[in-house]
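Single-structure report; data block below.
The values are calculated or read from the model by the stated rules, or taken from the named source; none is laboratory data. Source: prediction; values computed, not measured. Cβ placement follows ideal geometry from the backbone for every residue including glycine, while neighbour counts extend to all protein chains displayed.
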Amino acid sequence: MARKDKVGLRDVAAAAGVSLATVSRVLNGNSRVDPTIQRKVLNVVGELEVNLSQRNKTKALAFLFCNRTMLHAFHSRILVGAQEYCAEHGWDMIFLSFNYSPQIPWKDLHLPNVVQRRDVVRAVILAGTNSLNLMQLLEHKGITLVALGNNLINQPEKLDHDVVYSDDIQGAYDVTRHLISLGHQQICFVGNLQLPWFSRCHAGYRKAMEEAGLKPRESVIRSENDGEIGYLGTKALLASHEPATAIFSGNDPSAHGVYKALRDSGLKIPDDMSVAGCNDTVGPWLYPGLTTIREFPEQLGKVMAELLLKRIANPGEPPQNVTIPTELIKRDSCRAVSQPAEIPADRMYERTMSRG
């Protein structure tokens with residue numbers, strides 16, 4: 001037993017006939033290792049009776065907040081949820097801010113040094129706005145990760161990593177249906193479709209509009225400033241003189257910009273224009289209260305931390321996708337304009353929390 005306690009990764013690599021880097025990737029949950037090699041390494045670990053929990057006693061995760069302003073209301077709540085879950089299970093959380101360009105090849109990115117310290121950090125939660133080059137870098141370094149799927153740029157259909165989503169597509173569908181049920185037919189979407197969270201909301205909005213036989217309309221502003229997106233998008237819509245009775249803005253902060261633009265133009269909410277938003281971060285503070293889609297960022301953080309701890313304990317498990325439902329919050333920013341429209345029940349999405 002004394003000899004077995006000294007078995008290290010080099011011994012596992014030699015017995016399995018693979019490189020040390022491959023062993024590290026397998027034991028850190030990198031699912032892109034060939035399944036045959038993965039099973040071979042895990043079998044050798046079992047045969048040599050390597051106690052992985054004793055080999056690495058580090059119990060800290062890194063919350064890597066990328067390409068967004070500090071103290072972002074939504075992501076701060078994700079951090080709170082992740083930290084609470086870690087604390088309940090005896091783990092620490094390290095917060096790091098990291099800015100990088102999606103256009104830089106992964107080989108040219110430079111991670112914060114602490115993320116690469118296996119004696120300090122066991123795995124990474126990717127929050128903020130991220131792209132595949134960072135995920136590729138973490139993968140090649142054998143660093144286990146879980147990502148917030150809503151904010152991934154140029155996301156492929158399938159990711160070989162654990163990913164957690166807030167079902168904002170369904171939420172956008174629900175809020176658009178609500179506006180249609182109030183008699184609105186001229187509903188305009190305001191946002192920046194180059195940003196993934198706006199694009200996802202637009203997808204739900206478009207589906208609801210097309211199912212109702214209505215023409216989707218967009219006022220798109222290419223900016224990363226939410227207030228500017230809402231304000232300029234609304235001003236552009238009003239300047240076009242196209243009829244509109246409702247505006248759906250892709251998040252609450254941009255809806256705040258919509259409010260300001262409407263009031264600067266002498267229009268009242270909801271008498272002259274109904275307004276809806278998404279994520280319920282500032283909706284309760286606006287007047288009138290904003291009809292919006294409530295998301296659950298603390299739950300997102302808890303699930304992300306949970307998936308990472310499970311991945312560390314069982315590195316050979318297949319990647320998990322988890323979707324957290326949203327809730328439609330009806331407030332005073334929307335009013336009925338005519339006889340409510342009937343929408344067939346079979347067009348409703350099934351609201352679920354799915355794992356797959």
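For the range 37-62: of the residues being in contact with a Pro (Cβ under 9 Å, 6 or more places away or on another chain) and modelled with pLDDT of 80 or more, which is nearest to Met304 (Cα to Cα)? Can you show your working first?
Of the range 37-62, the ones in contact with a Pro (Cβ under 9 Å, 6 or more places away or on another chain) are 38, 42, 52, 62.
Right, trim to modelled with pLDDT of 80 or more and you get 38, 42, 62.
Values: Gln38: 23, Leu42: 24, Ala62: 12 Å.
By that ranking, first place goes to Ala62.
Val275 passes all but one of (1) part of a strand (DSSP E or B); (2) assigned by TED's automatic domain parsing to the domain that holds Ala147; which number fails?
Here Val275 clears every test but (2).
Being of a type outside the set (S, T, N, Q) and out of contact with any helix residue (DSSP H, G or I) (no Cβ under 7 Å at 6 or more places or on another chain) narrows it down to one residue among Asp252, Asp271; which is it? It would help to see each step written out before you state the result.
Working: Asp252 fails: out of contact with any helix residue (DSSP H, G or I) (no Cβ under 7 Å at 6 or more places or on another chain).
Just a single option satisfies the conditions, and that option is Asp271.
Can you tell me which residues in the range 317-341 are modelled with pLDDT under 95 and within 26 Å of Tyr287 (Cα to Cα)?
Val337, Ser338, Gln339, Pro340
Just wondering, is there one or more residues in the range 177-190 that are closer than 19 Å to Ala73 by Cβ and in a strand (DSSP E or B)?
No, the range 177-190 has no match at all.
Here is a check on your reading of the model: is Val258 surrounded by fewer than 21 Cβ atoms within 10 Å (Cβ to Cβ), assigned by TED's automatic domain parsing to the domain that holds Asn192 and β-branched (Val, Ile, Thr)? Explain how you work it out, then say what you get.
Numbers: surrounded by fewer than 21 Cβ atoms within 10 Å (Cβ to Cβ): no; assigned by TED's automatic domain parsing to the domain that holds Asn192: yes; β-branched (Val, Ile, Thr): yes.
Against the criterion (surrounded by fewer than 21 Cβ atoms within 10 Å (Cβ to Cβ), assigned by TED's automatic domain parsing to the domain that holds Asn192 and β-branched (Val, Ile, Thr)), Val258 does not qualify.
From the set of residues in the range 87-112 that are over 30 Å from Leu195 (Cβ atoms) and not charged (D, E, K, R), which is surrounded by the fewest Cβ atoms within 10 Å (Cβ to Cβ)? Step through it out loud before you land on a result.
Just the residues of the range 87-112 that are over 30 Å from Leu195 (Cβ atoms), to begin with: 87-92.
Remaining after also requiring not charged (D, E, K, R): 87, 89-91.
Numbers: Ala87: 12, His89: 11, Gly90: 8, Trp91: 20.
Going through the qualifying residues, I end up with Gly90.
Of all residues being of a type in the set (S, T, N, Q) and in a strand (DSSP E or B) in the range 211-252, which is surrounded by the most Cβ atoms within 10 Å (Cβ to Cβ)? Just the residue, please. Break it down into steps so the answer makes sense when it comes.
First, the residues of the range 211-252 that are of a type in the set (S, T, N, Q): 219, 223, 225, 234, 240, 245, 249, 251.
Retained after the next criterion (residues that are in a strand (DSSP E or B)): 219, 249.
Working: Ser219: 24, Ser249: 30.
Going through the qualifying residues, I end up with Ser249.
Which of (1) buried (at least 16 other Cβ atoms within 10 Å of the Cβ); (2) modelled with pLDDT under 95; (3) in the same structural domain as Ile143 (by TED's automatic domain parsing) does Asn314 not meet, given it meets every other one?
For Asn314, the exception is condition (1).
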